[in-house]
1. Which is over 21 Å from residue 60 (Cα atoms), in the same structural domain as residue 76 (by TED's automatic domain parsing) and in contact with a strand residue (DSSP E or B) (Cβ under 6 Å, 6 or more places away or on another chain), of 171, 129?
2. Inside the range 44-97, can you point out the residues that are at pLDDT below 85, surrounded by fewer than 18 Cβ atoms within 10 Å (Cβ to Cβ) and part of a strand (DSSP E or B)?
3. May I ask you to verify whether residue 154 is modelled with pLDDT of 85 or more and farther than 25 Å from residue 231 by Cβ?
4. Restricted to the range 195-209, and to residues that are in a loop (DSSP other than H, G, I, E, B) and crowded, with 19+ Cβ neighbours inside 10 Å, which residue is farthest from the chain's Cα centre (by Cα)?
């Protein structure tokens, strides 16, 4: 401090007053900082490596960051943003003891990385975090919303029934060697342009804005998802091409444009799109059609 006084000794009294004001400012700031409770932090960093989906009916957990790819985080009054999974969530504490969080699961519509959306069929998580913890890891667990908010028009876990139908020249059956969850999954083996389809399902009362099909899949070839629409002048509709993957992944396929046309009945087909001298293999599990009530 002696060096500081000598360095400004030749300045005017105004300069001395400014220096005195700054000194008091630093002193007050130091006191406030020193008096701040040690358990409070300005920001909390929450590290999220993956998120889970828990299916109460089937009593299993599905964990994969290709399922839930983002988290929308807000409080009662503030919206803090959309954070990728895996990634970090940074939340301001504002000298509070705790912060209440509302967290929504985000998914990729039709497999498009640029089309993220909060998914209506998973219940948002309502939780509190203590501001004394600066950084911690969290694995959120989401559940399907209750039945007064959504309808499950079609559900196939392959544990009880077999509602997939291989067309002529294809092979398809329930099997236990390669399964995403539970005890059974469907194996489909065929060549290009051969297909397997779901059972026909009715979509009476389905939402025109939010109707999705969920599919867990694993495939050694690209395939097309196609819908057959009963009563339509153009019944065959290509929805999307799905790329091969060696690991189980989940798709969230938007059927809303088809429902908006007034379609009441449909089935979904899976068709290999690549030429091959041999057969290609597709595994399917946990096929669900969901709509908002």
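The values are calculated or read from the model by the stated rules, or taken from the named source; none is laboratory data. Here the structure is a predicted model, which means the values were calculated and not measured. Neighbour counts run over all protein chains shown; Cβ positions are idealised from the backbone, glycine included.
1. Working: 171 fails: in the same structural domain as residue 76 (by TED's automatic domain parsing).
So the residue among 171, 129 that is over 21 Å from residue 60 (Cα atoms), in the same structural domain as residue 76 (by TED's automatic domain parsing) and in contact with a strand residue (DSSP E or B) (Cβ under 6 Å, 6 or more places away or on another chain) is 129.
2. 55, 60, 61, 63
3. On the way: modelled with pLDDT of 85 or more: yes; farther than 25 Å from residue 231 by Cβ: no.
For residue 154, the condition - modelled with pLDDT of 85 or more and farther than 25 Å from residue 231 by Cβ - is not met.
4. Filtering the range 195-209 down to residues in a loop (DSSP other than H, G, I, E, B) leaves 199-200, 203-209.
When the remaining residues are screened for being crowded, with 19+ Cβ neighbours inside 10 Å, the result is 203, 206-207.
Working: 203: 24, 206: 22, 207: 21 Å.
Looking at residues that are in a loop (DSSP other than H, G, I, E, B) and crowded, with 19+ Cβ neighbours inside 10 Å, I get 203.
A quick yes/no check of all residues on (1) closer than 19 Å to residue 199 by Cα; (2) part of a strand (DSSP E or B):
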{"site": "249", "(1), (2)": "no, yes"}
{"site": "253", "(1), (2)": "yes, yes"}
{"site": "258", "(1), (2)": "yes, no"}
{"site": "268", "(1), (2)": "yes, yes"}
{"site": "271", "(1), (2)": "yes, yes"}
{"site": "287", "(1), (2)": "yes, yes"}
{"site": "290", "(1), (2)": "yes, yes"}
